[in-house]
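**Q** Encoded as structure tokens, here's the structure I'll be asking about.
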Amino acid sequence: MISSSSDTNLKKLSTINRRMFIFSAAKAVIFFGIVGRLFSLQISENKKYLTLSDKNRLRESRLPPVRGEFQDYFGNTVAGNLKVYQLHVVPEQVEDFKYLMVRLKDILNLDSTTFENLINKKNKQKPWETLIISENLSWDEFSKINFYLHELTGAKPVITVGRDYPYKDSYTHVLGYVSQVSTNDLLNNKTIKDRNVPGLRVGKSGLEKTFEEQLIGTNSIQRYEVNAYGKRINQIDHEEGQKGKTIRLTIDTEIQNYTSELLKDKAGSISIMDIFTGEIIAMNSSPSFDPNLFLYGIDKKKWTEIKKDPLKPLVNKTLSGLYSPGSTIKPIVALSALENNVISPNMKVNCSGKIEMYGQTYHCWKEKGHGQMSLKNAIKQSCDVYFYEVSRLLGVDRLNITAEKFGLGNKVLGDFFPNEKKGLVPSTIWKKKALDQSWYLGETLITGIGQGYIQVNPLQLCIMTAQLANGGYKIYPTIIADEKSNNFEDVKSKIQQQAIDNTEENYLIKATEEFLKTGIKEHTPLYRNPENIKFVLDAMFKSTNEVYGTSYASRIDDPKYQFAGKTGTAQVKRITERDRELDLDLLQIPYKDRDHAWFIAFGPYKNPRYSMSILVEHGGSGSKAAAPIAKKLFKLLIDRQELRDKKKIKKTDI
Amino acid sequence: MYQRFSYTNQLTFFQKVRSIDYILLFAILLVGIVSGFSMYSIDGGSIEYYTQNHLLRFSVFFVLMLIISFINIKIWHATGYLFYIIALGLLFWASFYGVTASGSQRWINLHFINLQPSELMKIAIILCFAKYYHRIQIHNVNSVKNILLSFIILVIPIFLVISQPDLGTSVLIALSGIIVLWLAGLNIKYFVYSSLLLLISAPFIISFLKPYQKLRLLTFFDPGKDPLGAGYQIIQSKIAVGSGGLYGKGFLKGTQGYLEFLPEKHTDFIFTLFSEEFGFVGSLVLLILYSIIIFRVIRIGSFSRSFFGRLFCFGFGSAIFIYILVNMSMVLGLLPVVGSPLPIMSYGGSSMLATMIGFGIVMSTKIYSKQLIS
């Protein structure tokens, strides 16, 4: 009884109350402790936890960027994007994965290895990650899937974009091809690494690789909310990516395709260039392959077939193929000799079919000999004996300077193609450095007819011809049509101005530039005396358009199409005395031992615009195998000039 | 005025209604409403399973509380031991025939409700001790016989609950009992001794724990160790509370909640969900509501003229405080994860039933504060 106020009860009461008070005090302290904890979590560390909470719930999904296109000079798409039908499955959203896969296998006729690969891939990835069942369904398959879709819960038919090369193998050596991203791509290119998503295709060679950064485009980004199990709940936003830059080429598809046709079943190369603007109008290497094969992974059989082809379709012969130029070097040898005042054009040499020098016999291609030859005639009929004499007088080092000035021994397109080869124009210094041997005079003679150490690629001969044909002015070739491209009229008037300005004073500046290796300025004259250039061009004209000229059979009489050229026949092995006696027909010689056929040309002769170089590997003689191709090409080329002029890049366009 | 009724237990209905502690009643009602909103959020912004069940229980048990409060406290005093024995019997029943869920056998299937006797025991132990120490003279409290008996009363249910296994509830039962023992005047030295004993034997106790309990203990000390496994709950819970900020993400906008990052969000981790949506301010309001409830309960105890009423109210008020403390400390990462619901807020019938019975007896103490118990 509390109210009885007995001592013990009072004592008990005060004990209870005292202890309650102590405990309540403790409670108050603890209460503030909890509030303090709440404060520290919700106020002090709010930012941190807010970030963590966003990290929990927000996911980004990056979609493959849309790749920029390649267009030819006329705006036709030569590497574009095509609608691709794909089939995706998100395993998490599938009720019965096994059943679905068996059904799909049935509908799409998947073979068992593909099927097993898909199952393995599924087991490796997270259940909410998309599994790509097929990257490239045919329209039939796609519609079939859509037809059965109600039975295929979890299967998602998707329409996306993929690379497409409408001209198949025509552009392969220019553009290269795209394929799945490899580990190397990721290591070497940060842009690819940043934008990599499953299904991304990147350039593996050619311009596709060179312009990767501009072509690749930016990813579209989808942000969406996921729940604790990673399942998408709703989309928060969609950031549209930017399509890669569209790149316009200087190439004319009509002509490019025609070169493919002309080189069909042959190994060889054709390059065509505008001699004033440096625009490459066609650049082809044969054989080629269809780059579309690489988009979704090439099958092994096809790949081996391409790789083992003796005609080497994987090599871009125009840039990476190195050959002896043969007689196509003769215009430069002649020019060098004239420029250095080594010979007079009237110098006469008697060709008897061979010449003894330094205890060795040097043969002319014409066994019976050409008889009394002048320089012009020697070029026209490609007399080897005459050029032995010219090069003996000239010496290899002076030839080296002229040849390099006109484009041999240097990369033509610079950094555009990593696989471009420099070739070699020998000199006494080069031989000392590279081989630690002194130069033999006999080697000079062979160099003078384009054999021996000298090695060129077809594009180098093309630019050499261009720089002769434009009157001897430096040009820098390009394959990209953009705001930096030259305008034909501008170049022409500039060149005319240069010709007048080419005084001794300017020559000094030029010599300094050369000495400092700053590279020769565009459109500066490469000659000392313009008459020498004219002389060589005239000799080339005669070679094609006069009787006894080596390419006379391929001439066009119509002045509109009339062109000038020089043949070349490059030996691939040393001709023995026995070979000379046998004098076999081309088809009797094993393919590998047949000569390479060369032809370089420019036209139309009256008002030159284009230069070209043609190579037919193991094609035999230049006049039979290469020159007839030029005849066909000049017709098309000149017929299309008007169209091309209309499409001329105007500065205002850009 | 009190003189007139002080010695009679015949109060009119009107008098009873007038002497209800309306502040306490209103505070309980408010927490009930808040819990309704939380359940509504759990149901994804509509009145479905959780909201319906929870509000139904709250309403039924709220009425039950009022009925209990109108019954003379003498009755509750008289049935104190009985209540304990029934609860103990149910615990035994659960141990042998109970329903097993998520590895623990702690429920009895009563068909309309799955009863968790350990929750009832949390109240029964207070009631039992309040009755026991009501009569014992202060100088007898520390006698060997009394201590031994109290110890037995306390240990049997604890042992039963631990073996279910349910560490959380057994700790809460132990604390509920101990608090009454402390209030009753048990010598402080016993508390000191048993604490020391507990500390020394802690390694042995830990070795008897189930693997998942050990893991919880370990992850408490280093939640980052296994962020996707055992540490997941506590990390996600802290993220939810922390990301709430000052005013919260807004009602029905707690991303941690509706995207299912929060485990057990409707029961033990309900505060996390609430705190994410209503922020620091909301949490503070809820804490203040609980403080008012505890304060009123203790205040009622201090006006009671019987030791029983006083001990029960003090004990129950303190127990409520401990439940809240343990739950909050757990969800805020201050204590290891043990199962302990937040009174009224958490979804769960048995916990709600026990809590409301407790409040009912407290209110009965208020209405019959002048009642003497022999």
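We did not get these values from a lab; they are worked out from the coordinates using the rules stated. Only a predicted model underlies this, so the values are computations on that prediction, with no experimental measurement involved. Cβ sites come from the backbone with ideal geometry, for glycine too, and all protein chains shown count toward neighbours.
**Q** Give me the inter-chain shielding for B:249-260: mean count of other chain Cβ atoms within 10 Å, whole number please. Intermediate results must be reported in sequence, preceding the final value.
**A** Numbers: counts 2, 0, 0, 0, 0, 1, 8, 6, 0, 4, 10, 5.
Per residue, the number of nearby Cβ atoms from other chains is 3 on average.
**Q** When all C-alpha to C-alpha distances in chain B are sorted into bins of 10 Å, what percent of pairs does each bin hold, rounded to whole numbers?
**A** For chain B, the binned pair fractions read 5, 23, 32, 26, 12, 2, 0 percent.
**Q** For the range A:203-305, which chymotrypsin sites (Phe, Trp or Tyr not before Pro) are both in a DSSP coil and crowded by at most 13 other Cβ atoms within 10 Å? Show your work: numbers first, answer last.
**A** Numbers: sites: A:PHE211, A:TYR224, A:TYR229, A:TYR258, A:PHE276, A:PHE289, A:PHE294, A:TYR296, A:TRP303; in loops: A:PHE211, A:TYR229, A:PHE276, A:PHE289, A:TYR296.
Loop-located and lightly packed - A:TYR229.
**Q** Pairs of Cα atoms under 8 Å, at least six residues apart: use those to get the relative contact order of the range A:542-649, whole percent. Each step should come with its number before you reach the end.
**A** Working: 194 pairs, mean separation 28.5, N = 108.
Reported as a whole number, the value is 26 percent.
**Q** Hey, what did chain B get for relative contact order, percent, Cα under 8 Å, at least 6 apart? Numbers along the way, then the final one.
**A** On the way: 550 pairs, mean separation 102.7, N = 374.
It rounds to 27 percent for chain B.
**Q** Go through the range A:220-294 and name the GluC sites (Glu not before Pro) that are in a DSSP coil and have 15 or fewer other Cβ atoms within 10 Å of their Cβ. List each step's numbers first, then the result.
**A** Working: sites: A:GLU225, A:GLU239, A:GLU240, A:GLU254, A:GLU261, A:GLU279; in loops: A:GLU240.
Hits after loop and neighbour filter: A:GLU240.
**Q** May I ask you to evaluate 6.51 cos²θ - 1.76 cosθ + 1.60, the Karplus curve with θ = phi - 60°, for each residue of the range B:277-291 and list the ³J(HN,Hα) values in order in whole Hz, giving x for glycine and proline?
**A** 7, 10, x, 4, 4, x, 4, 5, 4, 4, 5, 5, 4, 4, 4
**Q** Within 15 Å, Cβ to Cβ, of B:ILE292, how many net charges do the neighbouring residues add up to if Lys/Arg are +1 and Asp/Glu are -1?
**A** Working: positive: A:LYS27, B:ARG296, B:ARG299, B:LYS366; negative: B:ASP21.
Local net charge: +3.
**Q** Compute the FRET efficiency between A:GLU546 and A:LYS302 as 1/(1 + (r/R0)^6), taking r as their Cβ-Cβ distance and R0 = 45 Å, and round to the nearest 0.05. Could the numbers behind the result be given before it?
**A** On the way: r = 49 Å, r/R0 = 1.10.
For R0 = 45 Å, the calculated efficiency reads 0.35.
**Q** So, in nm, how far is label A:ASP96 from label A:ILE22 when the simple model puts each one 7 Å beyond its Cα toward the Cβ?
**A** With each label point 7 Å from Cα toward Cβ, the separation is 7.0 nm.
**Q** Shifting gears a bit: Counting only residues 5 or more places away or on other chains, whose amide H sits under 5 Å from the amide H of A:TYR473 once H atoms are built in the peptide plane?
**A** Placed amide hydrogens put A:LEU526 under 5 Å from A:TYR473.
**Q** Can you work out the PRE-style zone for B:ILE136? Point 7 Å along Cα to Cβ, and I want the residues of the range A:20-39 with backbone N under 13 Å.
**A** So the set is empty, nothing qualifies.
**Q** Which ³J(HN,Hα) values in Hz, rounded to whole numbers, follow from the phi angles of the range B:148-164 under the Karplus curve 6.51 cos²θ - 1.76 cosθ + 1.60, where θ = phi - 60° and Gly and Pro get x?
**A** Result, ordered by residue: 4, 4, 4, 4, 5, 4, 6, 6, 4, x, 4, 4, 4, 6, 4, 6, 5 Hz.
**Q** Hey, another quick one. Given a Förster distance of 45 Å, report the FRET efficiency between A:ILE429 and A:ASP111 from their Cβ-Cβ distance, rounded to the nearest 0.05. Show your work: numbers first, answer last.
**A** Values: r = 62 Å, r/R0 = 1.37.
So the FRET efficiency works out to roughly 0.15.
**Q** Among the listed pairs A:LYS411/A:LYS573; A:LYS376/A:LYS411; A:LYS124/A:LYS308; A:LYS243/B:LYS253; A:LYS168/A:LYS521, give every one whose C-alpha distance is greater than 28 Å. Let's see the in-between values first.
**A** Values: A:LYS411/A:LYS573 26 Å; A:LYS376/A:LYS411 30 Å; A:LYS124/A:LYS308 35 Å; A:LYS243/B:LYS253 37 Å; A:LYS168/A:LYS521 38 Å.
Beyond 28 Å between Cα atoms: A:LYS376/A:LYS411; A:LYS124/A:LYS308; A:LYS243/B:LYS253; A:LYS168/A:LYS521.
**Q** Spelling out what I want: for every residue of the range A:429-437, take phi, set θ = phi - 60°, compute 6.51 cos²θ - 1.76 cosθ + 1.60 (Karplus), and round to whole Hz; glycine and proline get x.
**A** Taking θ as phi minus 60°, the curve returns 5, 4, 5, 4, 5, 7, 10, 6, 10 Hz for the range A:429-437.
**Q** Quick one: which residues, 5 or more positions from A:VAL84 or on another chain, have an amide H under 5 Å from its amide H? H modelled 1.01 Å from N in the peptide plane, none for Pro or chain starts.
**A** A:THR160, A:VAL161, A:GLY162
**Q** To the nearest 0.05, how large is the calculated FRET efficiency for B:LEU110 and B:TYR22 if R₀ is 25 Å and r is the Cβ-Cβ distance?
**A** Between B:LEU110 and B:TYR22 the formula returns 0.15.
**Q** Taking amide H atoms as placed 1.01 Å from N in the peptide plane, list the residues 5 or more away in sequence, or in a different chain, whose amide H sits under 5 Å from that of A:SER205.
**A** A:TYR177
**Q** Still on this structure, I have one more. For a label point 7 angstrom out from the Cα of B:LYS145 toward its Cβ, which stretches of the range B:162-204 have the backbone nitrogen within less than 19 Å?
**A** B:185-187
**Q** Same structure, new question: Can you tell me, using C-alpha contacts under 8 Å and at least 6 residues apart, the relative contact order of chain A as a whole percent? Present the calculation step by step, with values, prior to reporting the outcome.
**A** Working: 1225 pairs, mean separation 84.6, N = 654.
About 13 percent, as a whole number.
**Q** Also, quick follow-up: Return one number: the angle in degrees, 0 to 90 and rounded to the nearest 10, between the long axis of the Cα atoms of helix A:458-469 and the longest principal axis of the Cα atoms of chain A.
**A** The answer is roughly 60 degrees.
**Q** Further question on the same structure: Which loop-located GluC sites (Glu not before Pro) does the range A:335-443 contain, where loop means any DSSP state but H, G, I, E or B and the Cβ has at most 13 other Cβ atoms within 10 Å? Present the calculation step by step, with values, prior to reporting the outcome.
**A** On the way: sites: A:GLU339, A:GLU356, A:GLU367, A:GLU389, A:GLU404, A:GLU420, A:GLU443; in loops: A:GLU367, A:GLU420.
Loop-located and lightly packed - A:GLU367.
**Q** How far is helix A:396-405 tilted off the main Cα axis of chain A, in degrees rounded to 10, range 0 to 90?
**A** Roughly 50 degrees between the two axes.
**Q** By the scheme Lys and Arg +1, Asp and Glu -1, what is the net charge of all other residues having a beta-carbon under 14 Å from that of A:GLY203?
**A** Net charge in that neighbourhood comes out at +2.
**Q** Quick check on the protein assembly as shown: what are the equivalent-ellipsoid semi-axes from the Cα gyration tensor, as sqrt(5λ), descending, whole Å? All intermediate terms of the calculation are to be shown ahead of the outcome.
**A** Details: eigenvalues 2150, 140, 123 Å².
They are 104, 26, 25 Å, listed from largest to smallest.
**Q** Additional query: Could you please rank B:LEU183, A:LEU131, placing first whichever residue has the fewest other Cβ atoms within 10 Å of its Cβ? Spell out each step's value before the answer.
**A** Working: B:LEU183 25, A:LEU131 21.
Final ranking by Cβ density, sparse to dense: A:LEU131, B:LEU183.
**Q** Let me ask something else about it. Which whole-angstrom value gives the distance between the alpha carbon centres of the range B:83-115 and the range A:71-118?
**A** The two parts, judged by their Cα centres, are 56 Å apart.
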